[in-house]
Amino acid sequence: MNQTLNQQLHNLLLKLHKLGQELPQILLYLTQIAQPKLPQNLIIPFLGQMFEKIPPLLSKLEPQKLAELVKDPPSDAVPLRILVDLSGIQQLLQQISVLQLLHLTNNTIPPGSQEAQESFLRKVTITVNIF
């Protein structure tokens with residue numbers, strides 16, 4: 001399926017919003033990976049801005065202008081930079097299976113009860129599938 005960049009970013013925003021509702025800690029963790037220098041106390045406000053301000057921006061921009069913005073987001077456009085970086089993580093996760101992801105984590109499932117371990121595996125699976 002050949003989606004426009006606008007459609008891809010809109011779809012990613014929807015998926016991220018769903019992830020934030022179902023597993024907010026995973027969204028925060030992914031955002032920290034995407035923007036490691038962003039102070040923790042600013043992550044939630046910037047995510048809020050991303051969900052609030054980016055959709056209208058995507059609707060207004062011409063495809064070429066959007067492509068230019070995504071290729072090199074302005075340094076002060078933090079919500080857009082987060083979205084672009086999360087898009088890169090999405091592309092990586094789309095190419096990886098749950099088994100490969102577990103191998104990358106050195107097959108480390110956190111210690112604990114069977115329920116806790118199953119919960120961990122469900123979260124990994126949900127994260128890969130949502131993305």
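Bear in mind these aren't lab numbers, they're just calculated from the coordinates by the rules spelled out. Keep in mind that this is a model prediction, so the values were computed, not measured. Neighbour counts run over all protein chains shown; Cβ positions are idealised from the backbone, glycine included.
For this structure, a couple of remarks:
- Restricting SER97, SER75 to those that are more than 22 Å from LYS18 (Cβ to Cβ) and polar (S, T, N, Q) reduces the list to SER75.
- Residue list for the stretch 16-70, filter: touching a residue at least 40 places away in the same chain (Cβ under 8 Å) and under 21 Å from VAL124 (Cα atoms): LEU16, LYS18, LEU19, GLU22, LEU23, ILE26, LEU30, THR31, ILE33, ALA34, GLN35
- Scanning the stretch 2-59 for residues that are over 13 Å from LEU86 (Cβ atoms) and of a type in the set (Ser, Thr, Tyr) yields THR4, SER59.
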